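Visitor: What follows is a single structure, and I will ask about it in a moment.
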Amino acid sequence: MDALTDAELTILGLLVEHPRHGYELEHVIEERGVRNWTALGFSSIYYVLDKLAKRGLIEAIGPRTSAKSRVPFAATEAGREQCAAATREALAEPSPVRARVLVAMANSAALPDDEVAAGLAERRAALRG
C-alpha cells in the first residue's frame, strides 16, 4: 500500500481515536496545534477524507440526511493497521524534517533519562489533547 502523507496519517490517526466528522476534525486540529507541525488546511481536510475513503482506510458511518449534514467517518480495520504501521515507521526512522523535537532528542544525553521521558510524555499529552 502507498505510504501515507503527514496529512493523511494525522487525519487517519484522529479517526482511529474515534469517529469524527470534518468540522470536528477541524476543531481538534486547531485545539491541538496540529498546524504548528504539519501543513493541513481546513479545505484539505475533506480532500484527505476522500483520499482515505477511496483507499479503504476510512468509511462514512451513518446516513447523510441532507446536503449539509455532517457525516462522521471511522477508521476501517485496514485503516487502523495502516495507521499503526505508519506510526511505527515515523517513530523509528529519523526524517529530514527540521523539527525542534529532533534537535532535542539529539541532545537528550544532556538530560537525565527521567527528564527526557517526562518531556516526551508531556509532548504526547499535548498532542492527544
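Visitor: Which helices pass in the chain if a helix is a full DSSP H run, must span at least 15 angstrom along its long axis by Cα, and must have mean Kyte-Doolittle hydropathy not below 1.0?
Guide: 6-17
Visitor: I've got another one for you. Please report ARG88, ARG20, ARG70 as a ranked list, fewest other C-beta atoms within 10 angstrom at the top and most at the bottom.
Guide: The fewest-first ordering by Cβ neighbours comes to ARG88, ARG70, ARG20.
Visitor: What is the ratio of the Cα radius of gyration of the chain to 2.2 N^0.38 Å, with N the residue count, to two decimals?
Guide: Cα-based Rg divided by the globular estimate yields 1.18.
Visitor: Once you have the Cα-Cα distance between GLU59 and TYR47, take 0.36 nm times their residue separation minus that, and quote the gain in nm to one decimal.
Guide: 2.9 nm
Visitor: Here is a further query. Take GLU30 and ALA85, extend 7 Å from each Cα along the Cα→Cβ direction, and tell me the distance between the two endpoints in nm.
Guide: 3.5 nm
Visitor: If you rank HIS21, HIS27 by fewest surrounding Cβ atoms within 10 Å, what's the result?
Guide: HIS27, HIS21
Visitor: Also: How far apart, in nanometres, would the label points at ARG70 and ALA92 be if each is projected 7 angstrom from Cα along the Cα-to-Cβ direction?
Guide: It works out to 3.7 nm between the two label points.
Visitor: Gain in length, ASP114 to LEU127, computed as 0.36 nm per residue apart minus the alpha-carbon separation, to one decimal in nm?
Guide: 2.7 nm
Each value in this text was obtained by applying a stated rule to the coordinates, not by laboratory testing. Note that the structure is predicted; figures quoted are calculated from it, not measured. So basically every Cβ, Gly included, is an ideal-geometry build from the backbone, and we count neighbours across all protein chains shown.
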